[in-house]
1. Restricting to segment 242-281, give me the number of residues that are closer than 20 Å to S45 by Cα and over 20 Å from the mean Cα position of the chain (by Cα).
2. Which of the residues belonging to segment 259-293 are assigned to a helix (DSSP H, G or I), in contact with a Gly (Cβ under 9 Å, 6 or more places away or on another chain) and aliphatic (A, V, I, L, M)?
3. Among the residues of segment 378-390, is there at least one that is touching a Gly at 6+ places or on another chain (Cβ under 9 Å) and over 24 Å from W223 (Cβ atoms)?
4. Only one of these conditions is not met by S70: (1) open to solvent by less than 30 Å² (accessible area, probe 1.4 Å); (2) part of a helix (DSSP H, G or I); (3) modelled with pLDDT under 55. Which number is it?
5. Just to be sure before I move on: is L408 open to solvent by less than 20 Å² (accessible area, probe 1.4 Å), in a helix (DSSP H, G or I) and either at pLDDT 95 or above or in contact with a Gly (Cβ under 8 Å, 6 or more places away or on another chain) (or both) in the structure I sent?
6. Output the number of residues of segment 269-296 satisfying the condition of being of a type in the set (G, A, S) and surrounded by fewer than 23 Cβ atoms within 10 Å (Cβ to Cβ).
7. Checking D206 against (1) closer than 21 Å to L134 by Cβ; (2) at pLDDT below 95; (3) charged (D, E, K, R): exactly one of these is not met. Which one?
8. Please specify each residue of segment 47-67 satisfying the condition of being open to solvent by 40 Å² or more (accessible area, probe 1.4 Å) and in contact (Cβ under 8 Å) with a residue 12 or more places away in the chain.
Amino acid sequence: MVTVAALAATVTLLGGALRGSSSSGALAAGPTTAAESANAVGSGSADTAALVTGLQARLRAEPSDAQGYSLLGLAYEQRARETGDPSWYPRAEGALRRALRLAPGDATATGGLGSLALSRHRFREALILGRRALSLAPASARTYGVIGDALLELGRYEAAFRAFDTMARLKPNAGAYARISYARELSGRPQDAIAAMRLAVEAAGDQPEATAWTRVQLGKLYWSVGDLGPAAREYRAALAAFPGYPYAFDALAQVQAARGHMVLAIDLESRAVDAIPLPQFVSQLGDLYRARGDGAEARRQYELIGVIQRLLVANGVKTDLETALFDLDHGIRPHHALELARRARAERPSIDGDDVLAWALLRTGSCGDALAYSKRALRLGTLDALKLFHRGMIERCLGHADAARAYLSRALALNPHFSIVWSPVAKRALR
């Protein structure tokens, strides 16, 4: 029998906002506990679908079952993660709010709404809900994960890191280790981040999807510092643990593109898109086609991005930051993208919000204003090649040749293949 605690752990493990980097164009999931994850949903989406069907039948027979509605809401969140279909979000919200009407002090339903708010990029709401859940269950480690994830996106890094430390102290599991890893990555300590993520991999044990998730995150850390071989090894290990894992296909496509194997990269990215048509997968597929010289197919993928974004918005997801970055990178209505970036940064005053606004200001000709936000984007010492590239291009725009060369060189030294679109631009600028 699936417990509320186990399914709540699954949602926080694989369905939150941790490791969502707007500057990389990705929104990935964030962890809490690995073992409870697999116990909750078994080997994959078929288990969650069956769980949903069973819970719906249970609630038809027992319409006052608050715990049943909590479980159903969390299962709906899990289905959204598994399918990439945001229409599950309103259903999740409805079930969780029904649970709270039946049991107003239900910490699990309250925390589930917090996780849902993270998935919808409603970070202030997530923080309020996370704190409310914590007041109802002060010893809940996973609630500190929700709170910390929200604080990160609100640019409150010291408080976020303290929340992660508390989470790790209460329950040192895969979710806690992964968050500690991310804190170290943000602080410019990639090797320490790798060490913590290795602990997350170990803590995932023999649970297939949790193992795959942590392996992909470990691979991305290697990728971020240009270590293609170890990155590819981790992505393949993820596929061995959980065959067909779309996040591993997506990540492995980057490696193959970096190695010049463009046909294989497109095949891998197409498999990711076919499994879950997430915006970051579709965008990367379009970029791969464009790099290969197939402009028509690239445009077809880019047009699909707009459809997906409208579907996300219709189901309560705030996409201003991601939409702004995509549009800026692809030359789509830059002044409109600047307005989106301003609005997004007001909602998410994080280093990613600063970075995207800096990029938008540069792309619309306000280089001086861009520099101030770029400095804020790098204030933690984060070693992010794309942020360093943005800073280099801003310095170049301002006529600061030495500073431009320094930042562009740092970006390429960190990861020569940091972007299918922008790595070649950085190399040309240094000639």
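The values are calculated or read from the model by the stated rules, or taken from the named source; none is laboratory data. In this text, all values refer to a predicted model and were calculated from it rather than measured experimentally. A quick note on method: Cβ atoms are made from the backbone with ideal geometry, for glycine too, and the neighbour counts reach across all protein chains shown. In case anyone asks, the SASA skips ligands and DNA or RNA and just uses the protein heavy atoms, side chains included. Shrake-Rupley method; radii C 1.70, N 1.55, O 1.52, S 1.80 Å.
1. 1
2. A275
3. No, that holds for no residue.
4. (3)
5. yes
6. Counting residues in segment 269-296 that are of a type in the set (G, A, S) and surrounded by fewer than 23 Cβ atoms within 10 Å (Cβ to Cβ) gives 6.
7. Of the numbered conditions (1) closer than 21 Å to L134 by Cβ; (2) at pLDDT below 95; (3) charged (D, E, K, R), the odd one out for D206 is (1).
8. Q56, S64, Q67
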